[in-house]
Amino acid sequence: MTDAPKTAMVLAAGLGTRMRPLTNDRPKALVEVGGRALIDHVLDRLADTGVETAVVNVHWFADRLESHLAARGRGPAIVISDERETLLETGGGLKKAAPLLGDDAVFVANIDSVWVDRGDALNQLARLWNPSIMDAALLLATREGSVGFEGDGDFFLGEDGRLTFRGEAPSAPFAYMGVHICKPDYVSDGPDGPFSLSQFWRRSAAAGRLYGVVMEGDWMHVGDPQARAEAEARLAGADPAR
């Protein structure tokens, strides 16, 4: 069994345009769901899994986000990756932050995923991770029962855990739910400036080195005000220990 990563990259630099007007005066990471900021949902999950350090990238209302993080009062320890000058997207953000992440595998987490965990999702992902055969291990959710996800699904999952992209198929049963594990240098050969992680996942999938595992629980993709309202309703009806 692989120990869960002790370091995480938290992608919090986005503009949150779909979340307006809630992001007119704050970053998306500080929009509250169930009485807690989105980023606190993620950081608390990571802390509970044993993550000791989280590198958080900042851009939109960066000062406000930094102040919030400094006042959290619990782990993980926060290191800022400053993207005030240029927003670098998911891949560019990971590439810029790589020198801050150390040498070991890391969790990479979006801030717009909230979930009711009926298993042990992050440790489940860590148990899957095997760098000898994988470039990245993705946490997945089923489309059915998810909140705020309106796509046709992203992936097919093989019996051996390998992922293939939906391609020309009209739909696929699983969606990426916002957390994966990779090495910090996964995108080191990416271009300068902004770029997406998805192109690297496609490359890894083609090489048979992209794997995934399906979480047990309810996934909420909090991408806009309606999804936020639906997520709040789902959380209100969930186990208080969520």
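Every number in this text was worked out from the coordinates using simple rules, so none of it is lab data. Bear in mind that the values here come from a model prediction, so they are computed numbers and not experimental data. So basically every Cβ, Gly included, is an ideal-geometry build from the backbone, and we count neighbours across all protein chains shown.
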* Asked: Want the number for ASP189 to ARG202: 0.36 nm per residue separation, take away the alpha-carbon distance, what's left?
  -> 3.2 nm
* Asked: With a sphere of radius 10 Å drawn around the Cβ of PHE107, what net charge do the other residues whose Cβ falls strictly inside it have (Lys, Arg +1; Asp, Glu -1)?
  -> +2
* Structure fact -> Those GluC sites (Glu not before Pro) from the range 80-111 that are DSSP loop and have at most 16 other Cβ neighbours within 10 Å turn out to be GLU85
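What is the antiparallel percent of DSSP beta bridges lying wholly in the chain, to the nearest 5?
Just about 50 percent of them are antiparallel.
Add +1 for every Lys or Arg and -1 for every Asp or Glu among the other residues with Cβ under 15 Å from the Cβ of GLY93, and state the total.
Around GLY93, the surrounding residues sum to -3.
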* Using Cα pairs under 8 angstrom and six or more residues apart, how large is the relative contact order of the range 24-69, in percent? -> 47
* Structure fact -> Given unit charges at Cβ for Lys, Arg (+) and Asp, Glu (-), the dipole magnitude of the range 195-238 about its Cα centre in debye, nearest 20, is 400
